Amino acid sequence: MKLYKILPILSLIFGLQTANAQLSGGNEHFIFNPVMINPSVAGMHHNQIKLGYDARWVGLNGAPQNAYLNYDRMFNGNTGWNVSVISDRIGPINTIAIANAFAFHVTTTESTKLSFGLKHHLTQSNLNLNQNNLQDPNDPLINVDQNGIAVNNFDASIAFSNSDKFFIGVSYRNMIEQPRFRYVSANIEPILSLQGWYRHDLDDAVIEAYTVISSSTNTPINTQIGIMGTFQNKLGVGLNFSPVQQIGIFAFVKVNDRFNVFYNYNLPISDISQVSKQSHGIGLSYRLGNQTLKGNSFFLQPTNESARTRLF
């Protein structure tokens with residue numbers, strides 16, 4: 001196989017290690033689906049089902065794609081559980097993960113909580129060289145498809161929050177550095193992340209802002225910031241920015257107390273902009289049952305039901 005054909009794909013494969021903090025549950029989705037970044041949020045979107053899809057660098061062959069489906073539940077007003085199925089694809093690597101996040105929420109004052117989270121995820125990756133026409137009989141490293149190693153890993157986190165005002169969290173994801181494959185160097189790297197969210201009420205509108213700062217062992221610090229103006233607690237429109245990486249716009253719509261829609265468009269500003277000018281993300285959430293929202297924020301949406309003291 002000619003070198004110029006395989007280099008872009010191999011760059012994507014090994015680029016997965018340096019881009020993992022961005023491409024797996026992108027940071028710009030933090031405001032819509034924060035449990036993907038910090039498991040301490042488990043239970044704070046009580047009885048919601050969320051579905052999301054993220055397509056990066058549209059038009060580039062083998063570009064990253066991410067999809068997830070999760071369900072969130074609060075028990076006894078203080079124990080949260082979130083179960084997710086997550087699919088990632090980048091170049092010839094396909095990954096599927098099943099994650100269970102658990103959180104314990106301690107009431108510190110009438111309006112604040114201290115939360116501790118732990119997430120377990122089982123991940124399986126596959127390297128499909130034949131599907132992507134990458135097999136080379138003259139190269140022992142890239143002549144066969146590979147089934148990855150089933151990897152058990154954990155995320156741990158802590159957060160302090162007021163569901164109407166602010167959230168401060170720290171998470172350490174992929175706590176155990178492990179290889180994805182037996183014969184190809186593509187490790188799952190630990191990621192340390194700091195997150196913050198703040199809500200400020202104005203006369204006729206509300207400002208919600210967030211930031212996510214993350215870094216892994218082999219990447220520089222990645223920063224994602226965003227700000228959103230919300231109107232009548234139904235529509236939010238905002239901007240997100242990641243230095244050197246991308247700039248984007250997003251919209252968050254509360255159709256009613258049960259149904260939410262999220263959309264994000266990103267324009268790459270790194271060298272990847274020479275081959276792709278756009279990335280898209282969409283999220284849908286639906287709350288089961290008859291619970292009513294306890295607060296008005298877009299970021300955290302606890303219900304009266306989630307605050308009850310009960311076992312089931």
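The values are calculated or read from the model by the stated rules, or taken from the named source; none is laboratory data. Here the structure is a predicted model, which is why all the values come from computation and not from measurement. Cβ atoms come from the backbone with ideal geometry, glycine included; neighbour counts cover every protein chain shown.
Condition check: touching a residue at least 12 places away in the same chain (Cβ under 8 Å), in contact with a strand residue (DSSP E or B) (Cβ under 7 Å, 6 or more places away or on another chain), more than 30 Å from Thr109 (Cα to Cα) and of a type outside the set (Lys, Arg). Does Ile207 satisfy that? Taking the combined requirement at face value, the residue does not satisfy it. Filtered by the rule that a residue be over 23 Å from Ser306 (Cα atoms) and part of a strand (DSSP E or B), the range 86-102 gives Ile86, Ser87, Asp88, Arg89, Ile90, Ile93, Asn94, Thr95, Ile96, Ala97, Ile98. Listed conditions (1) of a type outside the set (D, E, K, R); (2) at pLDDT 95 or above; (3) surrounded by 15 or more Cβ atoms within 10 Å (Cβ to Cβ) are all met by Ile98, apart from (3).
Only one of the numbered conditions (1) in contact with a Gly (Cβ under 9 Å, 6 or more places away or on another chain); (2) at pLDDT below 95; (3) surrounded by fewer than 16 Cβ atoms within 10 Å (Cβ to Cβ) is violated by Phe181, and that is (3).
Selection of the range 188-236 for residues being in a strand (DSSP E or B), surrounded by fewer than 19 Cβ atoms within 10 Å (Cβ to Cβ) and either small (Gly, Ala, Ser) or modelled with pLDDT under 90 (or both) yields Gly196, Ala209, Ser215, Gly229.
So which residues in the range 263-275 are in contact (Cβ under 8 Å) with a residue 60 or more places away in the chain and touching a strand residue (DSSP E or B) at 6+ places or on another chain (Cβ under 6 Å)? Across the range 263-275, the qualifying residues are Asn264, Asn266, Pro268. Among the numbered conditions (1) farther than 19 Å from Ile207 by Cα; (2) free of Cβ contacts under 8 Å to residues at least 60 places away in the same chain, the only one that Ile249 does not meet is (1).
Entry remark, the range 238-263: residues being more than 25 Å from Thr303 (Cβ to Cβ) and in a strand (DSSP E or B) number 8 in total. State yes or no: is Gly283 surrounded by 15 or more Cβ atoms within 10 Å (Cβ to Cβ) and in contact with a Leu (Cβ under 8 Å, 6 or more places away or on another chain)? Considered against the rule, which asks whether it is surrounded by 15 or more Cβ atoms within 10 Å (Cβ to Cβ) and in contact with a Leu (Cβ under 8 Å, 6 or more places away or on another chain), Gly283 comes out as yes. The number of residues in the range 297-307 that are crowded, with 16+ Cβ neighbours inside 10 Å and either out of contact with any Gly (no Cβ under 8 Å at 6 or more places or on another chain) or without any contact (Cβ under 8 Å) to a residue 24 or more places away in the chain (or both) comes to 4.
Scanning the range 38-62 for residues that are in a loop (DSSP other than H, G, I, E, B) and within 14 Å of the chain's Cα centre (by Cα) yields Asn38, Ala42, Arg56.
Modelled with pLDDT of 95 or more, touching a Lys or Arg at 6+ places or on another chain (Cβ under 6 Å) and surrounded by 14 or more Cβ atoms within 10 Å (Cβ to Cβ): does that describe Lys119? Judged against the criteria, Lys119 is not a match.
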